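Each remark here refers to the structure printed beneath this line.
The values are calculated or read from the model by the stated rules, or taken from the named source; none is laboratory data. Nothing here was measured: the structure is a model prediction, and the numbers come from that model. Don't worry about glycine lacking a Cβ; one is built from the backbone with ideal geometry, like all the others, and counts go over all protein chains shown. Protein only, heavy atoms only, side chains kept; ligands, DNA and RNA dropped before computing areas. Shrake-Rupley method; radii C 1.70, N 1.55, O 1.52, S 1.80 Å.
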Amino acid sequence: MTETDKYKSRMLAKKAVMDKKIADANEERGVLILLKGNGKGKSSSAFGTMARSVGHGKKCAVIQFIKGRSETGEYKFFKDHPMIDWHVMGHGFTWETQDKQQDIEAAQKAWSVAQQLLQDDSYDMLVFDEMSYMFKYGYLDVEPVVAALKSRPKFQNVIITGRTMSVPLQDIADTISVVQDERHAFRLGVKAQKGIEY
Ligand code: ATP
Ligand code: MG
């Protein structure tokens, strides 16, 4: 067999395996995606996926559970888009305020918005950015969130980001990606930059 023939038969075998995998994955439904880990790229991946959905004319909503910098590039880009609703948690939890009661109230307010979105089948994709901290700090109970996610509309996709994810959420997730921190420019002394960090 010549090199060309060998290459051809190897690729044919690969194609047969891939074709079978594609034929086996024939279910159509919304998925729950968790993006976790200490590396950079969780929120930007979520918003990138949302851009992909919007490109196909799908209706999306974002809830930012932690109010970081208010004027991020993604917020400026998406906020006026007719297919996107963008909610920033009220007097949201930030590292700046140390008022626990206020943080709990803000978390619950954001959750009540999330709950409504999870019952509304006009939304194709929901992004709950930094939601995982709500469970970590005890601002929200995870059980009602799991229940609402389980009973959401069949074709609705949900993306949740945050460094650590609670186990009950992981138990019901379809896709879990861990963004690993191998190196970060911040530790090399580079300050947070517009268009990269926010
Ligand atoms: P991004 O929004 O860039 O995708 P992220 O959502 O993965 O980041 P967060 O944990 O939400 O990361 O961090 C919020 C901010 O901190 C962002 O501005 C992000 O770029 C920056 N950041 C993320 N990971 C690191 C890290 N390992 N060291 C320093 N800064 C980080
Ligand atoms: Mg983030």
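The table below lists the values:
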quantity: Dipole-positive endmost among Phe77, Ile66, Ser45 within segment 1-126 (Cβ charges, Cα centre); calculated: Ser45
quantity: The chain: relative contact order in percent, alpha carbon pairs under 8 Å with at least 6 residues between; calculated: 33
quantity: Cross-link reach list, lysines versus Lys14, counting only Cα pairs under 21 Å and skipping chain neighbours closer than eight places; calculated: Lys6
quantity: Virtual spin-label span in nm between Tyr7 and Ile104, 7 Å along Cα→Cβ; calculated: 6.6
quantity: Relative frequency of Cα-Cα separations exceeding 21 Å in segment 97-167, percent; calculated: 24
quantity: Solvent-accessible area, 1.4 Å probe, carbon plus sulfur percent, for the chain; calculated: 51
quantity: Per residue value of the accessible surface for the chain (all protein chains in place, 1.4 Å probe), Å²; calculated: 63
quantity: Rounded D (µm²/s) - the chain, Kirkwood Rh over Cα pairs, Stokes-Einstein at 4 °C, 1.567 mPa s; calculated: 69
quantity: For Asn157, residues with placed amide H under 5 Å, excluding near neighbours; calculated: Val31, Met125, Leu126
quantity: Dipole magnitude of the chain, debye to nearest 20 (Cβ charges: Lys/Arg +1, Asp/Glu -1, about Cα centre); calculated: 780
